[in-house]
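Readers should treat all values here as calculations from the given coordinates under stated rules, not as data from a laboratory. Since this is a predicted model, take the numbers as computed values, not measurements. Neighbour counts are summed over all protein chains in view; Cβ atoms, including those assigned to glycine, are modelled from backbone coordinates with ideal geometry.
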Amino acid sequence: MLFSSVIFILYFLPVALILYYGAFFSKGLQNYILLFLSLGFYAWGEPYYVILMIASIFFNYVVGHLIVGFKNKSYSKYFLILGCVGNLGSLFIFKYLNFFIKNINQLQGYQIPLPKIALPIGISFFTFKAVSYLVDLYREKTTAEKNPLYVGLYIALFPQLLAGPISRYGDIVEQIKNRKFTWQKFSVGTCRFVIGMGKKILISNSMAVIVDRVFQMNLNSDIAVTLAWLGSIAYTFQIYFDFSGYSDMAIGIGLMFGFKFEENFNYPYISKSITEFWRRWHISLSLWFKDYLYFPLGGSRVKNKDKLIRNLLIVWVSTGIWHGAEWTFVVWGFLNFVCIAFERLISFNQIDIAAKYKRIYALFIINLGWVIFRSSDLLEAGRYISSMFGFTQGGFWSPYTYMFIKENLVFLIAAIIFSTPIARKVNKFIVDKSLGHNILEGLYPLAIVGIFLICMSYIVKGSYNPFIYFKF
Amino acid sequence: MERFFFKKLITSILIVLIIFGLSITNLINNYKPIIDTVEAQKDISISNRIKNIDASIKDNTYGKYAFIDFYGYLQKLMDKNEESNFEVVKDDNGTLHYTFFGDKANPVYELVKRTEALKNGLKDESVKFAYIMPPDKYYKGYSNLPYGIPYNYANETADSFLDLLKQNNIDTIDLRENLAESGIEPKDLFFKTDHHWKTETAFWEFGQLANILKNKYGANIEDIDFYTNKDNYNFITYKDSYVGSMGRKTGIPYSGVDDFTLIYPKFNTDYTYYSKTGEQETNLSGRFEEALITISPFRTNKGVYALEGDKYSSYLFGNQGIVHVVNKKVPNGPKILFVKDSYTVALAAFLSTVCSDIYMVDPRYYTGSIPEYIDSVKTDFVFVSFYPQDLTEDFFRFYDK
């Protein structure tokens, strides 16, 4: 079930709020209601794989107790390995097995049939949460609860089930037990949800129209330089507003139910380096890889630079592969590795270059990376990038370039503005009671209600509504 | 800081009130079709059941067309010429079109091959066979898409298709020719909000076709001048009463509303009508306006968006799997069978005034073998007629293996 759907907004959310707040007298009952709602939420999109989800909850619950129960003996490590193999193994089967067999067949000339396995929605997210739970238990950063409800709710909690943020068990379990309702949380959450809707439905989906058309044209024939750049820039906006919009909705719904999830984005496109970009983009994933892969490998506190490079290579190629089973994701991860390693080796952040040039460099690499990320294979990516730099027969100008800009001008301008912290500054301006704050305060409810109704009109109309991070 | 949260509190109360208001209104007004969908989903997989219920919930959102109107108004405000990923585009005259990104005419070889096979497969060799090409809404010399808006090359595809048919000795009747001589203003040839021709255009083309049948093929059409004379028909125009499939997608503020003219004979008529779609059969008899026109779209008070108000489909009850019309007043007139799309509906209704029998088979709704159906009825003419945008394999569902 998508947040940006009629069934969620007009049926699931009101029912969830009534049931949840109807049980205000018992935190335990509220938690059971949330678990029940979360499994129902997942089952609506994946009626069969909800069994996999429940199995994952019980598997991790049991393994978690084994890790803790045998902590004083060396078995604990083996149970951790069992847990990781179980979680990552199922991720491999559902997400990577076909890719693996396809490559074996190509390399060795085998004809191993490809199994027909559909990718369970959100599997990468809930698998990573499960692994972090087991590792945190092993590291004694958190404790295993007797009641499986806690693990169940941590893994399946519906606001962050499909696209994160990838929270830590310790953060969530504390809130499962002790969260408090405040009007402040509820109202901030509601507004955040609407803002997320606006980012996803209005900006991201409008960019998606340009992106999908231009990338499709690239498959059929050479495209013009300007069109290729427009398509890549539109995708840069699409993926940001899609994913950050969905994160905003998740964080907003979490707040409506009393949970406070960590931020997942912090204006990544104002970064002055790729290293900084990854501190601002999908923050919960970056932190996961840092805590559960980079640091265990030795991180940057290693004796020589060779090991540092090795560690960075492993982390960034893994980050690439996490996003999908295709060589494009490996190359995209490798591109990030090259840039980050380069920036680390030359201490890029200390080099005295004007910030605007650093931003241009970062945006150029980010944009190039997204082209590889968006392409279905490396051939398509190569062809697209060739068009961007005029190495194909597509020419420089296309009437489509003008048309796409003209048709989406409002959303392109909005995308540029809201990629920067301007909204945050406006909020601060209001808080500081600067000149005209009364007018802006008065306009705020109108603007948010307006955005909500506009989004509803797009949803009810059934306008173009792809969701990029759904499959990751 | 308190003021900062106060504005958010007010906003959240408003949003929650709207959500709950819409939710309750939906439940009260639209629970029945949703329940019906739930109950009708007994023998299918859980996934499909959920998909269907989801679609039903979305289709039955209370105030759906108010939201779509709002959406259309926003598109208009932004001066957009395409909406919802090129679902529909608007030309310089404010007329809507279906389109896709093309750079040349579509390949038609397979379609020609199947048409040729259909002709050669006719058991009765005396039957005359031809392809009738209705006009596309993109009318050369009048329609103009804004700079960069994609053009679908449907007319060019139609040209190429007809050329190849001629090379294969298949007769063609191109209704796009001479359209300028109809005396109808280009802006009035087609609905703004729908891809179909207006009934006035279909009526004029009926006159052209009747004359071709008589003069070129020697069809037995008596008193042709009488039957094709518009003075012998009632033309009743319903102002601002019709929103076609495109308008229903975009909303009236974006598309506008069309007038619809109901045309039916003033002279005495006597018909029987039979149709079958799936297991559903319909039998009617009486005058033209009793047997061949659904009156309910003109009387419904459900508004212009309601499917019940689809006036174009009032002729011959819209698209049916198979249709057989018998004109009892012209027993010696030609017998014609159409393999057709929705363009033919109004045309065939008017043509029935000079024919003894009209048969129609629609590949989208008839699941049996089209060649076998053709052979099962006695006809003088077999016409295949799909308008230029329907020149796709989905419509040529005969000899397709």
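Between the alpha-carbon centres of the stretch B:188-234 and the stretch A:135-188 there is a gap of 72 Å. For chain A, the relative contact order comes to 19 percent (Cα pairs under 8 Å, sequence separation of at least 6).
Could you grab the relative contact order for the stretch A:217-353? Cα pairs under 8 Å, six or more apart, rounded to a whole percent.
Working: 94 pairs, mean separation 20.0, N = 137.
It comes to 15 percent, rounded to a whole number.
Within the shell of other residues whose beta carbon sits under 12 angstrom from the beta carbon of B:ASP103, the net charge comes to -1, with Lys and Arg scored +1 and Asp and Glu -1. A straight Cα-to-Cα reach below 22 Å connects A:LYS102 with the lysines A:LYS116, A:LYS471, residues fewer than 8 places away in its own chain not being considered.
As a test, work out the antiparallel percent of DSSP beta bridges whose residues both lie in chain B, rounded to the nearest 5. Mind dumping the intermediate values first?
Details: 31 of 49 bridges.
Among the beta bridges of chain B, antiparallel pairing accounts for roughly 65 percent.
A Gaussian network model of chain B, with springs between Cα atoms under 10 Å, assigns the largest mean-square fluctuation among B:LEU27, B:LEU391, B:LEU17 to B:LEU17. Projecting the Cα atoms of A:PHE261, A:MET249, A:PHE295 onto the charge dipole of the stretch A:199-310 (Cβ charges, centred on the Cα centre) puts A:PHE295 farthest toward the positive pole. Of all lysines in the structure, the ones whose alpha carbon falls short of 22 Å from that of A:LYS305, not counting any fewer than 8 places away in one chain, are A:LYS290.
Each Cα pair under 8 Å and six or more residues apart adds its sequence gap; the mean of these over the residue count of the stretch B:89-390 is a relative contact order of 20 percent. Partner shielding of B:65-76 amounts to 4, given as the average count of beta-carbon atoms from other chains within 10 Å of each residue beta-carbon. Rounded to the nearest Hz, the phi-derived 3J(HN,Hα) couplings of the stretch B:138-148 under the Karplus curve 6.51 cos²θ - 1.76 cosθ + 1.60 (θ = phi - 60°) are 6, 9, 4, x, 10, 5, 8, 7, x, 3, x, where x marks glycine and proline.
Charging the Cβ of each Asp and Glu at -1 and of each Lys and Arg at +1, and nothing else, the dipole of the stretch A:6-179 about its Cα centre rounds to 320 debye.
Can you give the Kirkwood hydrodynamic radius of the protein assembly as shown from its Cα pairs, in Å with one decimal? Present the calculation step by step, with values, prior to reporting the outcome.
Numbers: mean 1/r = 0.0321 Å⁻¹.
Evaluated on the protein assembly as shown, it is 31.1 Å.
The phi-based Karplus calculation (6.51 cos²θ - 1.76 cosθ + 1.60; θ = phi - 60°) puts the 3J(HN,Hα) values of the stretch A:385-397 at 5, 4, 5, 4, 9, x, 8, 10, 8, x, x, 9, 10 Hz, whole numbers, x for Gly and Pro.
Note that the stretch A:166-180 has calculated 3J(HN,Hα) couplings of 7, 6, 9, 4, x, 5, 6, 5, 4, 6, 4, 7, 10, 5, 10 Hz, one per residue in order, obtained from phi through the Karplus relation 6.51 cos²θ - 1.76 cosθ + 1.60 (θ = phi - 60°); glycine and proline are x.
Given a cut-off of 31 Å, name the pairs among B:LYS192/B:LYS230; A:LYS177/A:LYS461; B:LYS76/B:LYS311 whose C-alpha atoms lie farther apart than that in the structure shown.
Numbers: B:LYS192/B:LYS230 23 Å; A:LYS177/A:LYS461 41 Å; B:LYS76/B:LYS311 26 Å.
Distance filter (> 31 Å) returns A:LYS177/A:LYS461.
The charge dipole of chain A, taken about its Cα centre with unit charges on the Cβ of Lys, Arg, Asp and Glu (plus for the first two, minus for the last two), comes to roughly 1020 debye. For the peptide A:400-410, the mean number of other protein chain Cβ atoms found within 10 angstrom of a residue's Cβ is 5.
Given the C-alpha centroids of the stretch B:93-141 and the stretch A:372-410, what is the distance between them in whole angstrom? Centre-to-centre (Cα) distance: 33 Å.
Determine the calculated [θ] at 222 nm for the protein assembly as shown from helices alone, applying -39500 (n - 2.57) to every DSSP H run no shorter than 4 residues and normalising by the residue count; nearest 500 deg cm²/dmol.
Numbers: 34 runs with 460 residues, N = 873.
Only helices count here, giving -17000 deg cm²/dmol.
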